[in-house]
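Some notes on the structure that comes next.
Readers should treat all values here as calculations from the given coordinates under stated rules, not as data from a laboratory. What you see is a predicted model; the values in this text were computed from it and never measured. A quick note on method: Cβ atoms are made from the backbone with ideal geometry, for glycine too, and the neighbour counts reach across all protein chains shown.
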Amino acid sequence: MNLRTARALAGVYHLAMLYFVTWPGILPFARAEPLLFGLPFTMAWIAAWITGSVLVLASLDRVEKRFRNSDGGDA
Amino acid sequence: MEQWVVVTIIIAAYLALTLTIGLLAGRRQTDSVAGYVAADRSFGLLVMYFVTGASVFSAFAFLGGPGWAYSRGAAAFYILAYGALGMAPFYWIGPRVAKLGRKHGFVTQAQLITGRFPSRNLSALIALLSLIAFVPYVTLQMRGAGIVIEAVTDGHVPIWLGSAVAYGIVIAYVLSAGAMAVGWTNTFQGIFMVVIAWSLGLYLPIALYGGIGEMFTQILAERPELLDPPGLTAAGEPWSWGAYSTFILVSAVGLMMWPHLFMKAFTAKDDDTLRRTVILFPTFQLFLIPVFLIGFSGVLFPGSPPSSDFILPFMILETDLPALVVGLFCAGALSASMSTGDALLHASASVFVEDGIQQFVDLDEQTQRRMMQGLVLLTGAIAYVFAQDPESSLVLLLASAYGIIAQFAPPVVAALYWRRATTRGVMAGLIAGAATAFFFWQNPEYKPFDMHEGILGLLVHVPVLMAVSWMTESQSDDHVDTFFD
């Protein structure tokens, strides 16, 4: 994946996260039931977005590093 | 021996250990201002990770978080949501700031802003606003430390004495060693906190209700309104989506603008370390889950603490755990308070001297260091007085401070990304934004949609910054070029 796409995707992910954990994006997911992993639905919903954030940023870092190493430029 | 005596001994031992680590750390650092403020830019990944995590997760998360889960239910989820959002932009901003720091020799956020927008008044204004925001934050930490100590010693050590002892130790090592001590004690305290949060957060629901799902099922049956998003207000009424969403937004915008966190960009050893800290940061955020579980486990528990901020020590003491374990848990909560408090005191003094006083009077290195140390004492003393007020809620103290701190975001973004921004524009925006936030903080009845005053401040701040910048003469290309590649 090229650098520009990777950065754009990471940005889009976090904007989507912002939308889906605040009003109005959160409304369809703002409920206590069903419990997921024993947690109220909204709490698990937010936790899932956080976990996703770790994965997205880690993948972005892998792409960034490949570019930094290959052309030595300031990526 | 009575339980409270054993617990007190453990906490005393823990405090002694923290002090030792803090004092030893200082011996490895050079005796300059850059050494005191930015630890010679030498922190590796492990230290950076825990410094950042431990200084974000404070008495606010450890005591206030469970307190909110206990009394306001789903409202506490806002605390879970904002951290990852607030930290992500730092993946890009952080290395950029670090690079400018190395190039121009910046060690504080205000230096970065005024490096781009030269103005002594702007620098002093930033220093002043930082200090205003820091005081409630330090107050919160001290009160937290006092709460833990009072609760576990069964009232034998009251809040005023507990907070004085804990913060006496913090001040001792911050004075002697600066950033290096903050780094190493936070690493130690960060590890301690994570272990304790997870073990207690899983233990309590299982021991009291037979499982996490079981606990929430019972809460749903008896107090369904508590788990219905966005939770409740302090008075027990349903909270509004406007407030819930803007609390997330203002905290996310403000998170990395805290001078003590922003300064991490200047202390990191290299960009990779900084980026990896950002990537790993949300893992620290997940540690709020067990912390909330501790709060929720108190909901259906017979008996209640004197105030919801006491819920964590209250639940620990109500279990039949051995005194040794109780002592360790409480030391964990204490470390949450102290690990943020030390970073705050250190940063507030550095910022005030470097960006406030130093702009108007030329001081030599030694006087600067002395003055910073004096300010650590002074800020500590002011916060200590406020910490004795029994009316203050830990979460609300921090939420108001965020209203001010979020106003630093537009100047930072403008300094890094907007060539057309001017000094006057930034100054006007900052004044307008801070004044708006202050007005709505004082007059909450006028807030549209129950929005957080910090967001209302930003809604005024950004247009003013842009409009005034366009109306004033742009900066010379030569100057702006040194901030862009």
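Lysine pairs in chain B whose alpha-carbon atoms fall under 24 angstrom of each other, counting only those eight or more residues apart or on distinct chains, come to 4. Just to verify a number: FRET efficiency for B:Leu459 and B:Leu24, C-beta to C-beta distance, R0 = 45 Å, to 0.05? Efficiency for this residue pair is about 0.40. Applying a DSSP loop filter and a limit of 15 other Cβ atoms within 10 Å to the chymotrypsin sites (Phe, Trp or Tyr not before Pro) in region A:1-62 leaves A:Phe37. Treating the angle as unsigned and between 0 and 90°, give the value, to the nearest 10°, between the Cα long axis of helix B:90-104 and the longest Cα principal axis of chain B. That helix lies at roughly 50 degrees to the long axis. Between region B:146-167 and region B:442-464, how many Å separate their Cα centres? If we compute the Cα centre of each part, the gap is 37 Å.
Shape analysis of the protein assembly as shown based on the Cα gyration tensor places the equivalent ellipsoid semi-axes at 36, 28, 23 Å, largest first.
Could you work out the local net charge near B:Thr340, counting Lys and Arg as +1, Asp and Glu as -1, over the other residues with Cβ closer than 14 Å to its Cβ?
Net of charged neighbours comes to +1.
Working from Cα positions, state the angle (0 to 90°, nearest 10) between the long axis of helix A:41-71 and the longest principal axis of chain A. That helix lies at roughly 0 degrees to the long axis. For chain B, which span is the longest to avoid every loop-located (per DSSP) member of trypsin sites (Lys or Arg not before Pro) having at most 16 other Cβ atoms inside 10 Å? It works out to B:1-418.
Gyration tensor over the Cα atoms of region B:259-329: the corresponding equivalent ellipsoid has semi-axes (square roots of 5 times the eigenvalues, largest first) of 36, 14, 12 Å.
Projecting label points 7 angstrom from Cα along Cα→Cβ for B:Thr319 and B:Phe484 puts them 5.6 nm apart. Give me the angle, in degrees from 0 to 90, between the Cα long axis of helix B:365-387 and the longest principal axis of the Cα atoms of chain B, rounded to the nearest 10. Orientation of helix B:365-387: about 40 degrees from the principal axis. Modelled spin labels at A:Ala48 and A:Asn2, positioned 7 Å past Cα toward Cβ, are 3.3 nm from each other.
The simple spin-label model puts a point 7 Å past each Cα toward its Cβ; for B:Arg102 and A:Phe29 those points are separated by 3.8 nm. Computed from the C-beta positions of B:Leu300 and A:Tyr19 and an R0 of 25 Å, the FRET efficiency is 0.15 to the nearest 0.05. As a rough footprinting exposure proxy, the listed residues B:Ser163, B:Ser339, B:Ser476 were ranked by other beta carbons within 10 Å of their own, and the order from fewest upward is B:Ser476, B:Ser163, B:Ser339.
Relative contact order of chain A, taken over Cα pairs closer than 8 Å and 6 or more residues apart, is 32 percent. The chymotrypsin sites (Phe, Trp or Tyr not before Pro) found in region B:433-485 that occupy coil by DSSP, while having at most 16 further C-beta atoms within 10 Å, are B:Phe484.
Over region B:3-407, the Kirkwood radius and the radius of gyration, each from Cα atoms, give a ratio Rg/Rh of 0.97. One Cα centroid belongs to region A:1-28, the other to region B:97-142; the line between them spans 30 Å.
Here the ratio of the Cα radius of gyration of region A:3-71 to 2.2 N^0.38 Å is 1.40. When exposed loop sites are taken as GluC sites (Glu not before Pro) in a DSSP loop with at most 13 other Cβ atoms within 10 Å, the longest stretch of chain B clear of them is B:3-390.
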